[in-house]
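Asks: Submitted below is the structure of interest, expressed as structure tokens.
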Amino acid sequence: MFKERTFVIVLFCSVLTVSTVVLQYLNPAQGFLDGGLIAAILLTMFIKDDLYTKLFGIVSLIFIIIESFFPSENTSKWQVILQHLFPAIIVVITTLSVMYIKRLYLSMESEERQLNALFEFATEGIILTNKDGKIVLANPAVTNLFKYDKQDLIGKPIEILIPTRFHHNHGSHRESFYNNPSNRSMGRGRDLFGITKNGTEIPLEVSLSYYKQKGEFFVIAFVVDITQRKRQEATLLEQNNKLEQISATIKKLNIELEDKVEQRTLILKEALQQLEVSQQELSEALQKEKELSEIKSRFVSMASHEFRTPLSTVLSSAALIGRYTKEEEQINRDKHIKKIKESVKHLNDLLEDFLSLGKLEEGRVQAEILDFEVKGFVEEILDELGAVKKEGQSIVLSYNGDDEFRTDKRLLKNILLNLLSNAIKFSNEKGIILLTINNNSHLLNIIVKDSGIGISEEDQTHLFSSFYRGSNATNIQGTGLGLHIVKRYTDILQGSIELKSKIGEGTIITVELPKLSF
């Protein structure tokens, strides 16, 4: 259909142009040329492609130039030039104007398509109602949420989506909003519910906005199903109650444990006295036991060091807190509480690594693409890392290029946090970490350079494998998952990662991410 219309318009413009030129040639004294050529250019406004507008503009300009060379009686050369200069300018201006107008229309069509896509593909439910509270528009998210067909909602009162027990108050609330309209988030301090077509009630979060068009008042409601959130809140409350019970039990056990420790101490003193008598006889046995204990200790350290250390800190600090009961001993309590928080955070980081790996293995990590301002985003990440830097360490940011980029913001944040956390962890105090970001709008280049302990060439071939750690990093906390997760995230974002390092000279990691399309 579109190709046939284009062909007809081009054919008509061609006939009009040729006819105008022929008539002008046969009647040089008449002014056919200017109007006919300009009309042909104007007709190309109904063709989206600028090619035909440019083509007829150039052809018209050529014909005007050729006409200026036709012999003319009682007219000087300069008069002929001036006589045809104005039509040539008009043709150029007409051509440019038509191209500009077409681009304006294309821009308006593009914006309209974007708005329709935003409405149709929004994950939040969007409902538009008029001043009478009747539904004018509802996007697919709403119909899926409330189990209605679209035609079943249009023209119906909004109360069709509200449980019956709330109807008597909803009318007054709606009138109050119409009398004092404002953009507001509803549901704070109270629970909101909707009802589906089959009568099932669901907890909701609703935000309201409004606008006026041609004097008519419209309300926009953004609806979110918070069923899962409510379940999580209930689970969290239940867990908090259980934690309080566990804490009370631990306090009781601590008291009992102290009594038992005193008893065991007396028993140990007696045992030590007996052991002194037979010390010589047991010397060889103890030496063998020590050797076996060292072997066992090294094995257990390799297998469970990352969980045992913070758990031991939590246990000891929890036991010691109970001894500081006086008000002036708050400093000691705060010190142990801080240790518990740091250990729990470390355990949480370990679990986050395991959970991230689990999600990746199950294929549950998908890219959520959006445009965002990169420099401010990176500066926020650097602020978060301020608390984990060693004394005297500094991160120097060098940002070049465009402000915005399009990719998954959450995955990019995880990549940067992992790379920078590793640089902080494996660098010495007062070390400088260089973060360079180059954004040319189509490619985001990230370079993290540290002056830390470095990585051997033998270890570099395995670093992107799961649970692998460098031979010179065994005494530093970590799971061996960080770079593996970064590599998996980079693959999801269709990017690449490269590592260069030498023992004692630091490490340089380069990540390149392409601009993704929606």
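The values are calculated or read from the model by the stated rules, or taken from the named source; none is laboratory data. Note that the structure is a prediction, hence the values are computed from the model and not measured. We place every Cβ from the backbone using ideal geometry, glycine too, and count neighbours over all the protein chains shown.
Asks: When segment 391-402 is examined, which residues are found to be loosely packed, with under 13 Cβ neighbours inside 10 Å and touching a Gly at 6+ places or on another chain (Cβ under 9 Å)?
Replies: Narrowing segment 391-402 to residues loosely packed, with under 13 Cβ neighbours inside 10 Å: 391-392, 394, 396, 398, 400.
Matches in segment 391-402: Gly392, Ser394.
Results for (1) under 18 Å from the mean Cα position of the chain (by Cα); (2) outside any strand (DSSP E or B); (3) not assigned by TED's automatic domain parsing to the domain that holds Leu483, shown as yes or no for each residue.
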{"residue": "Val396", "(1), (2), (3)": "no, no, no"}
{"residue": "Leu411", "(1), (2), (3)": "yes, yes, no"}
{"residue": "Asn418", "(1), (2), (3)": "yes, yes, no"}
{"residue": "Ser421", "(1), (2), (3)": "no, yes, no"}
{"residue": "Lys430", "(1), (2), (3)": "no, yes, no"}
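Asks: Are any of the residues in segment 229-236 of a type in the set (A, V, I, L, M) and either in contact with a Leu (Cβ under 6 Å, 6 or more places away or on another chain) or surrounded by fewer than 13 Cβ atoms within 10 Å (Cβ to Cβ) (or both)?
Replies: Restricting attention to segment 229-236, the residues satisfying the condition of being of a type in the set (A, V, I, L, M) are 234, 236.
Next cut, either in contact with a Leu (Cβ under 6 Å, 6 or more places away or on another chain) or surrounded by fewer than 13 Cβ atoms within 10 Å (Cβ to Cβ) (or both) only: 234, 236.
Looking through segment 229-236, at least one residue is of a type in the set (A, V, I, L, M) and either in contact with a Leu (Cβ under 6 Å, 6 or more places away or on another chain) or surrounded by fewer than 13 Cβ atoms within 10 Å (Cβ to Cβ) (or both).
Asks: Cβ-Cβ distance below 8 Å, separation of 6 or more or different chains: which pairs start in segment 375-393 with a residue that is closer than 22 Å to Asn428 by Cβ and end on one that is surrounded by fewer than 10 Cβ atoms within 10 Å (Cβ to Cβ)?
Replies: Sorted first by the residue in segment 375-393, then by its partner, the pairs are Lys390/Glu429; Glu391/Glu429; Gly392/Glu429; Gln393/Glu429.
Asks: Name the residue, out of Gly194, Gly199, that is assigned to a loop (DSSP other than H, G, I, E, B) and assigned by TED's automatic domain parsing to the domain that holds Ile135.
Replies: Numbers: Gly194 fails: assigned to a loop (DSSP other than H, G, I, E, B).
Residue meeting the stated conditions: Gly199.
Asks: Would you confirm whether or not segment 133-143 contains a residue that is buried (at least 17 other Cβ atoms within 10 Å of the Cβ), part of a strand (DSSP E or B) and touching a strand residue (DSSP E or B) at 6+ places or on another chain (Cβ under 7 Å)?
Replies: yes
Asks: Here's another thing I want to ask about it. Does Ile58 satisfy the criteria of being modelled with pLDDT of 80 or more and assigned to a helix (DSSP H, G or I)? Before the answer, list the steps.
Replies: On the way: modelled with pLDDT of 80 or more: yes; assigned to a helix (DSSP H, G or I): yes.
Yes; evaluated as a whole, the condition is true for this residue.
Asks: Which of (1) touching a residue at least 60 places away in the same chain (Cβ under 8 Å); (2) exposed (fewer than 10 other Cβ atoms within 10 Å of the Cβ) is the odd one out, the single condition His168 does not satisfy?
Replies: Going through (1) touching a residue at least 60 places away in the same chain (Cβ under 8 Å); (2) exposed (fewer than 10 other Cβ atoms within 10 Å of the Cβ) one by one, His168 breaks only (1).
Asks: Can you name the residue in segment 185-200 that is surrounded by 13 or more Cβ atoms within 10 Å (Cβ to Cβ) and closer than 17 Å to Val224 by Cβ and is also modelled with the lowest pLDDT among such residues?
Replies: Let us first name the residues in segment 185-200 that are surrounded by 13 or more Cβ atoms within 10 Å (Cβ to Cβ), namely 186-187, 192-197.
Restricting the remaining residues to those that are closer than 17 Å to Val224 by Cβ gives 186-187, 192-196.
On the way: Met186: 57, Gly187: 53, Leu192: 82, Phe193: 85, Gly194: 87, Ile195: 87, Thr196: 87.
The extreme case among them is Gly187.
Let's see how each residue does on (1) in contact with a Phe, Trp or Tyr (Cβ under 8 Å, 6 or more places away or on another chain); (2) closer than 25 Å to Asn400 by Cβ; (3) modelled with pLDDT under 75:
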{"position": "Asn440", "(1), (2), (3)": "no, yes, no"}
{"position": "Leu444", "(1), (2), (3)": "yes, yes, no"}
{"position": "Ser451", "(1), (2), (3)": "no, yes, no"}
{"position": "Gln460", "(1), (2), (3)": "no, no, yes"}
{"position": "Ser465", "(1), (2), (3)": "no, no, yes"}
{"position": "Ser471", "(1), (2), (3)": "no, no, yes"}
{"position": "Arg488", "(1), (2), (3)": "no, no, no"}
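Asks: Could you check Val224 against (1) touching a helix residue (DSSP H, G or I) at 6+ places or on another chain (Cβ under 7 Å); (2) under 30 Å from Glu120 (Cβ atoms); (3) of a type outside the set (S, T, N, Q) and say which number it fails?
Replies: (1)
Asks: Further question on the same structure: Take the residues of segment 365-378 that are part of a helix (DSSP H, G or I) and touching a strand residue (DSSP E or B) at 6+ places or on another chain (Cβ under 7 Å): which is surrounded by the most Cβ atoms within 10 Å (Cβ to Cβ)? Before the answer, list the steps.
Replies: First, the residues of segment 365-378 that are part of a helix (DSSP H, G or I): 374-378.
Subset that is touching a strand residue (DSSP E or B) at 6+ places or on another chain (Cβ under 7 Å): 374-375, 378.
On the way: Val374: 21, Lys375: 17, Val378: 19.
Here the residue is Val374.
Asks: Now a separate question. Yes or no: segment 491-513 includes at least one residue that is at pLDDT below 80 and surrounded by 14 or more Cβ atoms within 10 Å (Cβ to Cβ).
Replies: No - not one qualifying residue is present in segment 491-513.
The rows are residues; the columns are (1) modelled with pLDDT under 85; (2) within 19 Å of the chain's Cα centre (by Cα).
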| position | (1), (2) |
| --- | --- |
| Leu320 | yes, no |
| Glu327 | yes, no |
| Lys339 | yes, no |
| Ser356 | yes, yes |
| Gly363 | yes, yes |
| Leu382 | no, yes |
| Thr407 | no, yes |
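Asks: Additional query: I'd like the full set of residues that are closer than 18 Å to Glu380 by Cα and crowded, with 21+ Cβ neighbours inside 10 Å, limited to segment 423-436. Give the steps one after another, and end with the answer.
Replies: Taking segment 423-436 as the starting set, the residues that turn out to be closer than 18 Å to Glu380 by Cα are 423-424, 433-436.
Passing the criteria: Ala423, Ile433, Leu435.
Asks: If I filter segment 146-157 for residues that are touching an Asp or Glu at 6+ places or on another chain (Cβ under 9 Å), in a helix (DSSP H, G or I) and surrounded by 14 or more Cβ atoms within 10 Å (Cβ to Cβ), do I get at least one hit? Give the derivation first.
Replies: The initial filter retains those residues of segment 146-157 that are touching an Asp or Glu at 6+ places or on another chain (Cβ under 9 Å), namely 157.
Cutting the leftovers down to in a helix (DSSP H, G or I) gives us none.
Checked segment 146-157: no residue is touching an Asp or Glu at 6+ places or on another chain (Cβ under 9 Å), in a helix (DSSP H, G or I) and surrounded by 14 or more Cβ atoms within 10 Å (Cβ to Cβ).
Asks: Hey, can you tell me all the residues within segment 120-132 that are over 30 Å from Glu368 (Cβ atoms) and either assigned to a loop (DSSP other than H, G, I, E, B) or at pLDDT below 85 (or both)?
Replies: Lys131, Asp132
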